[in-house]
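The values are calculated or read from the model by the stated rules, or taken from the named source; none is laboratory data. Since this is a predicted model, take the numbers as computed values, not measurements. Here the Cβ is made from the backbone with ideal geometry for all residues, glycine too, and neighbour counts use every protein chain on show.
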Amino acid sequence: MANYEPSTLGARLVFVALRVRDLEVSARFYRDAIGIRLRDPGGFDEEMHREYSWTDGEYLHFALFPAMPGEETRRVELAFYVDDLDVAHAKATAAGADVASMPREEPWGRTAGYRDPDGNVVGLTQRPEGDGTS
């Protein structure tokens, strides 16, 4: 994989939020089709949402919030690494995911794409053997 220059300011992505038309339908998609163990927020006085934080390695927080009509997040593309694309694809299709692109080989690994309930494209990629990042 290519090495990229770090941000001159030390900036790094730590938070991704999607505004979704139906919170429960979207939470079910990301949980059942993609495998992200979304949970209710832990605090009180927080806006209703579902969230998950990756804390192994670099921190990243992902959240789904209900949108006001017409304010849904659109045309976003997200991608996640998976251990085994065949298993992940079978799980996604069994959960009813809309397949945007069937599993295929790419220079960065085996990859497939799915549409979430709001039409955003969610990619799953299994890294190539021996790329040094697994």
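Condition first: buried (at least 17 other Cβ atoms within 10 Å of the Cβ), closer than 19 Å to Ala100 by Cβ and under 11 Å from the mean Cα position of the chain (by Cα). Can you find one or more residues in the stretch 6-18 that meet it? Yes; the residues of the stretch 6-18 include at least one that is buried (at least 17 other Cβ atoms within 10 Å of the Cβ), closer than 19 Å to Ala100 by Cβ and under 11 Å from the mean Cα position of the chain (by Cα).
Filtered by the rule that a residue be within 16 Å of Asn120 (Cβ to Cβ) and either in contact with a His (Cβ under 8 Å, 6 or more places away or on another chain) or loosely packed, with under 14 Cβ neighbours inside 10 Å (or both), the stretch 53-64 gives Ala63, Leu64.
The single condition among (1) at pLDDT 95 or above; (2) closer than 19 Å to Val25 by Cβ; (3) surrounded by fewer than 18 Cβ atoms within 10 Å (Cβ to Cβ) that Met48 does not satisfy is (1).
Yes/no per residue for (1) in contact with an Asp or Glu (Cβ under 7 Å, 6 or more places away or on another chain); (2) closer than 13 Å to Leu124 by Cβ:
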{"residue": "Thr8", "(1), (2)": "no, no"}
{"residue": "Val14", "(1), (2)": "no, no"}
{"residue": "Ile36", "(1), (2)": "no, yes"}
{"residue": "Pro41", "(1), (2)": "yes, no"}
{"residue": "Arg50", "(1), (2)": "yes, no"}
{"residue": "Pro66", "(1), (2)": "no, no"}
{"residue": "Ala79", "(1), (2)": "no, yes"}
{"residue": "Ala92", "(1), (2)": "no, yes"}
{"residue": "Val99", "(1), (2)": "no, yes"}
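Taking the conditions (1) at pLDDT below 95; (2) surrounded by 12 or more Cβ atoms within 10 Å (Cβ to Cβ); (3) under 22 Å from Glu129 (Cα atoms); (4) not hydroxyl-bearing (Ser, Thr, Tyr) in turn, Asp86 satisfies each one other than (1).
The listed residues are Ala112, Ala67, Ala92, and the only one of them that is at pLDDT below 95, small (Gly, Ala, Ser) and surrounded by 14 or more Cβ atoms within 10 Å (Cβ to Cβ) turns out to be Ala67. Selection of the stretch 85-116 for residues being among the aliphatic types (A, V, I, L, M), touching a residue at least 24 places away in the same chain (Cβ under 8 Å) and assigned to a strand (DSSP E or B) yields only Ala112. Restricting the stretch 72-83 to residues that are within 13 Å of Ala17 (Cα to Cα) and not hydrophobic (A, V, I, L, M, F, W, C), the residue that is modelled with the highest pLDDT is Glu77. Under 6 Å between Cβ atoms, at least 6 apart or on separate chains: pull out the pairs that start in the stretch 18-37 with a residue that is at negative phi and end on any residue that is of a type in the set (D, E, K, R) and assigned to a helix (DSSP H, G or I). Taking only residues 6 or more apart or on different chains, not a single pair turns up.
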